[in-house]
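All remarks here apply to the structure that follows.
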Amino acid sequence: MAAGDNPAGNASTHALTPVTHTLRLEDEKVWVREYLGPVPGLNFVNLHDNENTSAEAAKAYIRVHGGRLIELEHGRGRTVVIRRQGVLHHFDPNRMFTEEGLKRSLDYFHNLSDENLELASDFARQVVEIIGLEPDRPVIAVHNNTPGKLTIHDFEPGQWYGNDTRDIFTNPAEDPDDFFFTNSPALFRALKSLRYNIALMKENPPDRGSLGNLVDALGGIYILVEAEHGHFQRQIAMLEDLGRLLGGTSSTPAAE
Ligand SMILES: [Zn+2]
């Protein structure tokens with residue numbers, strides 16, 4: 001999309017104000033970029049640095065409607081690394097928000113040590129502080145996937161995220177790579193009625209250390225918006241519909 005193109009029709013677009021927080025993991029630098037829209041609004045988070053379609057879609061939304069995007073930037077791809085004497089120790093930033101999840105992620109990459117756990121935990125605390133979680137401000141995590149790799153079908157019973165899921169709606173006419181996942185029953189019903197692929201998070205879901213786990217544990221509303229890499233217009237349409245349901249501001253939908 002060219003600069004100035006307007007995904008919302010006739011509303012005007014605005015420049016975003018960037019604020020950069022530089023965090024360190026030993027010799028590694030991670031830039032946590034905060035992009036502020038013209039007015040307060042929805043709160044977007046993009047944790048995986050290689051999922052750029054979702055970050056661009058969130059920015060396009062914010063240019064029109066306001067809000068804020070927090071984006072991790074480091075050029076390493078999906079994982080964040082601790083760099084020590086030239087050696088890279090990986091972890092998944094969407095597994096760092098509980099100690100259990102972080103331990104498992106470091107272990108998965110064969111990088112679990114007390115030192116790495118402490119450094120990565122401290123990094124996670126700083127990111128949480130920048131996101132600024134408040135119970136009445138929904139957190140919208142934007143992600144992208146490759147075709148067929150993570151789909152709405154992974155949330156069906158017996159599948160990878162089946163144990164995380166209380167209810168699910170799949171629309172066979174939709175691309176299964178494009179879907180929502182939320183802990184809000186009200187949003188689940190509303191997005192289902194718009195015929196989106198959507199899964200509803202179980203109460204007390206498995207501890208994966210995800211941002212969803214953290215927001216849910218704090219009593220907030222969490223929405224994951226997942227689309228295939230390159231599905232830019234589709235992801236904007238998803239954000240537009242979500243924004244309308246959330247009132248286009250930081251307010252919450254009807255309480256459950
Ligand atoms: Zn992701």
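Across the stretch 34-60, what is the number of residues that are within 16 Å of the ligand (Cβ to nearest atom) and not hydroxyl-bearing (Ser, Thr, Tyr)?
Going through the stretch 34-60, the residues within 16 Å of the ligand (Cβ to nearest atom) turn out to be 44-58.
Cutting the leftovers down to not hydroxyl-bearing (Ser, Thr, Tyr) gives us 44-52, 55-58.
Total satisfying the criteria: 13.
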Checklist line | Tally, over the stretch 151-177, of residues that are assigned to a helix (DSSP H, G or I) and either among the acidic types (Asp, Glu) or within 16 Å of the ligand (Cβ to nearest atom) (or both) | finding: 4
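Out of all the residues in the stretch 94-150, which are part of a strand (DSSP E or B) and β-branched (Val, Ile, Thr)? Give the steps one after another, and end with the answer.
Residues of the stretch 94-150 part of a strand (DSSP E or B): 139-145.
Those that are part of a strand (DSSP E or B) and β-branched (Val, Ile, Thr): Val139, Ile140, Val142.
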Checklist line | Cross-chain or 6+ apart pairs with Cβ under 8 Å, the stretch 210-225 first and touching a residue at least 24 places away in the same chain (Cβ under 8 Å), then polar (S, T, N, Q) and part of a strand (DSSP E or B) | finding: Ile221/Thr182; Tyr222/Thr182; Ile223/Thr182; Leu224/Thr182
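What tally of residues in the stretch 134-149 results from selecting those that are within 15 Å of the ligand (Cβ to nearest atom) and charged (D, E, K, R)?
So the first thing to find is which residues in the stretch 134-149 are within 15 Å of the ligand (Cβ to nearest atom), and the list is 139-147, 149.
Remaining after also requiring charged (D, E, K, R): 149.
Adding up the residues that qualify gives 1.
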Check: Which condition does Gly209 not pass, out of (1) exposed (fewer than 15 other Cβ atoms within 10 Å of the Cβ); (2) on the phi > 0 side of the Ramachandran plot, if it passes all the others?
Finding: (1)
Item checked: Given (1) away from the ligand (no atom under 11 Å from the Cβ); (2) farther than 17 Å from Glu118 by Cα; (3) among the charged types (D, E, K, R), number of the condition Arg84 does not satisfy -> (2)
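Taking the stretch 49-73 only, how many residues are part of a loop (DSSP other than H, G, I, E, B) and buried (at least 18 other Cβ atoms within 10 Å of the Cβ)? Before the answer, list the steps.
Keep residues of the stretch 49-73 that are part of a loop (DSSP other than H, G, I, E, B), which gives 49-51, 66-67.
So of that shortlist, the ones also buried (at least 18 other Cβ atoms within 10 Å of the Cβ) come out as 49, 51, 66-67.
Looking only at that region, the number is 4.
No value in this document is a laboratory result; all are computed from the given coordinates. For clarity, every value in this text was computed on a predicted model and none was experimentally measured. Glycine also receives a Cβ, built like all others from the backbone with ideal geometry; neighbour counts cover every protein chain displayed.
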